[in-house]
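Below: the structure, in structure tokens.
The values are calculated or read from the model by the stated rules, or taken from the named source; none is laboratory data. Only a predicted model underlies this, so the values are computations on that prediction, with no experimental measurement involved. As a convention, Cβ positions derive from the backbone with ideal geometry for all residues, glycine included, and neighbour counts pool all protein chains shown. Keep in mind that these areas ignore ligands, DNA and RNA; they rest on the heavy atoms of the full protein, side chains included. Shrake-Rupley method; radii C 1.70, N 1.55, O 1.52, S 1.80 Å.
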Amino acid sequence: MKGRPILGTLAVLGYIIMIVPILFVVSTAFTAGDALTFPPQGVSLRWFGEALAYQPFVGALLSSLQLAVVSTALALLLGVPVTLAIQRGKIPGKSLVEGLFLSPLVVPELVVGLALYQQIMIGLHQTSFVALLVGHTVLLLPYAVRVTGASLALADPAVEEAARGLGATPLRTFFSVTLPLLRPGIFSAGLLSFVTSFNNVPLSLLLQSRQFRTLPVTMLDYVQQSYDPMIAAMSTLILAGTVVIAIVAEKTLGFAKIFGGINK
Amino acid sequence: MSRKPALLLIPGLVFILFGFAIPSAIMLLAPPSTDTADVFARFGAMLTDPYDLAIIWRTVRIGVIVTVACVVLGFPIAYLLARSTSRFAGMWLALAIFPLLLSNVVRTFGWLVILGSQGAFGQLLVVLGITDQPPQLLYTELAIVLGLIQLFLPLAVISCYSAVAQVDAGLDHAARGLGATKSQTLWKIVIPLSRPGILIAGTLVFAGATTAYTTPYLLGGSSQRMLSTQLFSYASVSVDWAAASATALMMTLLVFMVSGLSSLISRKAGVTS
Amino acid sequence: MTTAAEFTGVTQAYGDTVAVDNLNLQIEQGKLTTLLGPSGCGKTTTLRMLAGYITPSAGTITINGADATRLPPEKRNLGMVFQSYALFPHLTVADNVGFGLKLRKVPATKRRELVMANLDLVGLAHLADRKPKALSGGQQQRVALARAIAISPSLLLLDEPLSNLDARLRVQMRSEIRRIQGETGLTVVLVTHDQEEALEMSDTMVVMRAGKVMQTGAPATVFTAPANRFVADFLGYENFLTQSDGSLLTVRPEHLRVAAAGVVPTTPGLTVAAVVRESVYRGVDHIVTMTATDATGTPITLVSTTRRDTLTADAGFQPGDLVTAQARDHEIVRLTSEN
């Protein structure tokens, strides 16, 4: 940053806005007092204990994990074959098909949520879990298609031809060559999908029910009613979990590589 | 495998059509027990109703401010990191990207602590003797803007970073060697060449900021409604499908218009340069 | 001769573009055949049709006498080496080479034996446990070769196998491939755009242009008697002179000598008056570019790269010098058809 006073100042300001609010949440989570104030009064872990004993949070956490795992698996199961068809098959209107699978990124999530609320929950009388599973899977499909597609596009198609030439059937070629090549892409897509589903608010808010409510929605509800450090403690726990995921991502594939797939 | 690509496509295609495209189209144009005409009538009324217009205008205004701020703050981060030779550059980049993995709800709570009535910022002003009483910063447009900048800045950093990283650093050296100052090099070489990435950054941030729900809900409350919070209230509080569809239509059109405009600009730039 | 593979009336068209046009070709058993030509001549398409990656639009392909036109690649038992080598990045060198054997259900001990034997053949037995990424380009190339040979293919197909190697390695690999071909007795089909490679390596060369075969023959035959202007041009002939009867003569630049105007040749041959346009010193020779007129009155460019007899820094001819370009009778090639 030397010799770049203006750029340096703007960059520092940017980091402050991105990071400092997170630090405030963490610091207030360790308060010994009763109020969500700054500076915190004393240091204790009591609010972490309370958050983990608070049944609605624990229940919602389990719901969120369940939904994230199932919708990620479903999105990969549907999305990876689509990627293969787009990247390796000769299908007409290829870019149109790809555009369709990426379009959930463009349409506002509230629109999708409301649409599924009307069609699936009201229209078809399905449970909120079914509606949420459909909604989250739709939301994750773009990652499954694009991120795995990016890793497949980098792979040499001749590798698959080589396998065929050596005597492998198309199915055998898929399992012994294509799938291993796709593995890093599937891993990135799965990781991004899991996090995206877990953190989602708009869909989870519109499609919730008394029986099934995700953690972010429960936390939003909670903060409307009571404004105490338990919410900061729960947030800090989520932060810790996210840091673990980030470290796993960095150690296995590298952060930038995983996120490289979102853009472009 | 390439013989039957259509079979691979079918499950995904069915899912995205029936789980997304068709329901969304129905919701926007013909919601349950509502005439399409009612949706359009409500849409027309929004454009003349002062209350609705205020919400639309606030949404656009906030979207533009947040977009500009994210590019102005995000590009320098991206540029400095892309050109840095420090071994910590990777760590700083990870720090800028990491918030994308973190829940919006968690990220937004921070502002409650900072801007709330007993929050850090107000207390600081009192301690410094600038005001006697902590000012009301929560439930203001400023709060929403700050929250959204925090939310979308990482996205702007990634887009700008991949754009700047693609600009050969040798060009910077060449420009400097030909007598350009650092800032001339930045404005005449790096920025023009990374314009597509900056444009993508702007589009992503605008689309995100104008449709985000958590931030205006937590930081704007009911006094600072945006299209997203308004849509939610039509859908779940007043259960007015026509109004909800009209609002959703407005939001969708806004996002489509901006991304259409952005791809138009980048296409035009692609032709001339 | 025994035919290992045969193309009969094979055409491959993508929409309006015809990549291969009514091809008739026989690949001789136990020999090395090269498909030579510039990019877009259809040589790679021909090879890929033989391997089964592309199905011809028309015609038949037989391998060992059996119709293979529509047979999928995995049922052809051909060994192919790709231009990009196409090694499986997630498998070790040994597992790459053993891939085809595993599919053929060769028992593990026998497989290991064959893998090592084939790696030995290419001199890479010591790298068996490495991943492809840890190998140099030349080593990857050898692994690809070993992998293709390991399955005891009925034909070995090489798609521009040397084009990604640096110049020295490329020359070394030429004789290496010939050696392996000799040791294994394999029938090899090699695709290349490098005439030198084709001349050095082939038993039979097939020169192709725009989807058609221009000439087939042994390297010496094709080199000394190119069938037409295209083949001559591709093999490095320059100095094309149309005669008054419409026939075409050509002389290689290294055979065209330059003498001062008025010098009469001692041996019968060709003498053309010319003006020097440019003369460039190249160490072993000068490259002299001249302007002349052929028998039909058309201005032509002549190029001579005659080797100098002595080591001298003499600049030779100067631009503007009036000279005669000369070639002896046995250095002149008469082309039968203009094309």
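Values for this structure:
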{"read-out": "Qualifying residues in the stretch B:68-91 (those that are aromatic (Phe, Trp, Tyr) and modelled with pLDDT of 90 or more) - the one surrounded by the fewest Cβ atoms within 10 Å (Cβ to Cβ)", "value": "B:Tyr79"}
{"read-out": "C:Thr69 vs. criteria assigned to a loop (DSSP other than H, G, I, E, B) and either open to solvent by 40 Å² or more (accessible area, probe 1.4 Å) or not acidic (Asp, Glu) (or both)", "value": "yes"}
{"read-out": "Count - residues of the stretch B:225-250 that are among the polar types (S, T, N, Q), over 16 Å from A:Gln224 (Cα atoms) and either open to solvent by less than 20 Å² (accessible area, probe 1.4 Å) or more than 10 Å from chain A (Cβ to nearest Cβ) (or both)", "value": "5"}
{"read-out": "In the stretch A:149-166, residue farthest from the other protein chains (Cβ to nearest Cβ) [restricted to those that are open to solvent by 10 Å² or more (accessible area, probe 1.4 Å) and within 24 Å of the chain's Cα centre (by Cα)]", "value": "A:Ala153"}
{"read-out": "Strands (runs of 3 or more DSSP E) (entirely within the stretch C:183-302) containing at least 1 residues that are more than 25 Å from C:Ala5 (Cα to Cα)", "value": "C:238-242, C:248-251, C:257-260, C:269-281, C:286-293"}
{"read-out": "Sole exception among (1) open to solvent by 50 Å² or more (accessible area, probe 1.4 Å); (2) modelled with pLDDT under 85; (3) hydrophobic (A, V, I, L, M, F, W, C) for B:Trp187, by number", "value": "(2)"}
{"read-out": "The listed residue being touching a residue at least 24 places away in the same chain (Cβ under 8 Å) and exposed (fewer than 15 other Cβ atoms within 10 Å of the Cβ), out of C:Asn77, C:Asn24, C:Asn64", "value": "C:Asn24"}
{"read-out": "Within the stretch C:128-163, tally of residues that are assigned to a loop (DSSP other than H, G, I, E, B) and under 16 Å from C:Met116 (Cβ atoms)", "value": "5"}
{"read-out": "Unmet criterion (only one of (1) modelled with pLDDT of 85 or more; (2) surrounded by fewer than 23 Cβ atoms within 10 Å (Cβ to Cβ); (3) more than 25 Å from A:Val70 (Cβ to Cβ)) for A:Leu182", "value": "(3)"}
{"read-out": "Helices (runs of 4 or more DSSP H) fully within the stretch B:160-211 counting 2 or more residues that are closer than 15 Å to B:Arg83 by Cβ, in contact (Cβ under 8 Å) with a residue 12 or more places away in the chain and more than 13 Å from chain A (Cβ to nearest Cβ)", "value": "B:169-177"}
{"read-out": "Some residue of the stretch A:51-69 being touching a Gly at 6+ places or on another chain (Cβ under 8 Å), closer than 30 Å to B:Ala30 by Cα and touching a residue at least 24 places away in the same chain (Cβ under 8 Å)", "value": "no"}
{"read-out": "Tally of residues being aromatic (Phe, Trp, Tyr) and at positive phi across the stretch B:127-186", "value": "1"}
{"read-out": "Residue match in the stretch B:112-122 (condition: under 16 Å from B:Ala212 (Cα atoms) and modelled with pLDDT of 85 or more)", "value": "no"}
{"read-out": "Selected residue (criterion: least open to solvent (accessible area, probe 1.4 Å)) from residues of the stretch A:83-97 that are in a loop (DSSP other than H, G, I, E, B) and within 7 Å of chain B (Cβ to nearest Cβ)", "value": "A:Gly89"}
{"read-out": "Top-ranked residue of the stretch C:86-99 - restricted to ones that are facing chain A (nearest Cβ under 8 Å), open to solvent by less than 30 Å² (accessible area, probe 1.4 Å) and in contact with a helix residue (DSSP H, G or I) (Cβ under 6 Å, 6 or more places away or on another chain), ranked as nearest to C:Val191 (Cα to Cα)", "value": "C:Ala86"}
{"read-out": "Residue in the stretch A:98-107 that is farthest from A:Thr196 (Cα to Cα), counting only those that are facing chain B (nearest Cβ under 7 Å) and free of Cβ contacts under 8 Å to residues at least 40 places away in the same chain", "value": "A:Leu100"}
{"read-out": "B:Leu253 being in a helix (DSSP H, G or I) and within 11 Å of another protein chain (Cβ to nearest Cβ)", "value": "yes"}
{"read-out": "Single condition C:Phe82 does not satisfy, out of (1) under 23 Å from C:Val213 (Cβ atoms); (2) of a type in the set (A, V, I, L, M, F, W, C); (3) buried (at least 17 other Cβ atoms within 10 Å of the Cβ)", "value": "(1)"}
{"read-out": "Residue in the stretch B:169-182 that is within 23 Å of B:Ala69 (Cα to Cα) and surrounded by fewer than 23 Cβ atoms within 10 Å (Cβ to Cβ) present", "value": "yes"}
{"read-out": "Any hit, the stretch A:31-49, residues being of a type outside the set (Val, Ile, Thr), within 12 Å of another protein chain (Cβ to nearest Cβ) and part of a helix (DSSP H, G or I)", "value": "no"}
{"read-out": "Filter pass, A:Val26 being surrounded by fewer than 16 Cβ atoms within 10 Å (Cβ to Cβ) and among the β-branched types (Val, Ile, Thr)", "value": "no"}
{"read-out": "Evaluation of C:Tyr14 against (1) closer than 20 Å to C:Val231 by Cα; (2) surrounded by fewer than 23 Cβ atoms within 10 Å (Cβ to Cβ) (one fails), failing number", "value": "(1)"}
{"read-out": "From the options C:Ala315, C:Ala273, residue that is at pLDDT 85 or above and over 28 Å from C:Ala227 (Cβ atoms)", "value": "C:Ala273"}
{"read-out": "Breaking point among (1) in contact (Cβ under 8 Å) with a residue 40 or more places away in the chain; (2) facing chain B (nearest Cβ under 7 Å); (3) among the hydrophobic types (A, V, I, L, M, F, W, C), for A:Ile122", "value": "(1)"}
{"read-out": "Filter result for the condition that a residue is more than 14 Å from every other protein chain (Cβ to nearest Cβ) and either modelled with pLDDT under 90 or open to solvent by less than 50 Å² (accessible area, probe 1.4 Å) (or both), over B:Gly44, B:Gly19", "value": "B:Gly44"}
{"read-out": "Any hit, the stretch C:150-168, residues being modelled with pLDDT of 90 or more, surrounded by 23 or more Cβ atoms within 10 Å (Cβ to Cβ) and within 13 Å of the chain's Cα centre (by Cα)", "value": "yes"}
{"read-out": "Hits in the stretch A:242-256 (condition: part of a helix (DSSP H, G or I) and either within 7 Å of chain B (Cβ to nearest Cβ) or surrounded by 16 or more Cβ atoms within 10 Å (Cβ to Cβ) (or both))", "value": "A:Thr242, A:Ile245, A:Ala246, A:Ala249, A:Glu250, A:Phe255, A:Ala256"}
{"read-out": "Residues of the stretch C:27-47 classified as outside any strand (DSSP E or B), open to solvent by 40 Å² or more (accessible area, probe 1.4 Å) and farther than 15 Å from C:Met208 by Cα, total", "value": "2"}
{"read-out": "All positions within the stretch B:140-155 that are away from every other protein chain (no Cβ under 13 Å), open to solvent by 40 Å² or more (accessible area, probe 1.4 Å) and not acidic (Asp, Glu)", "value": "none"}
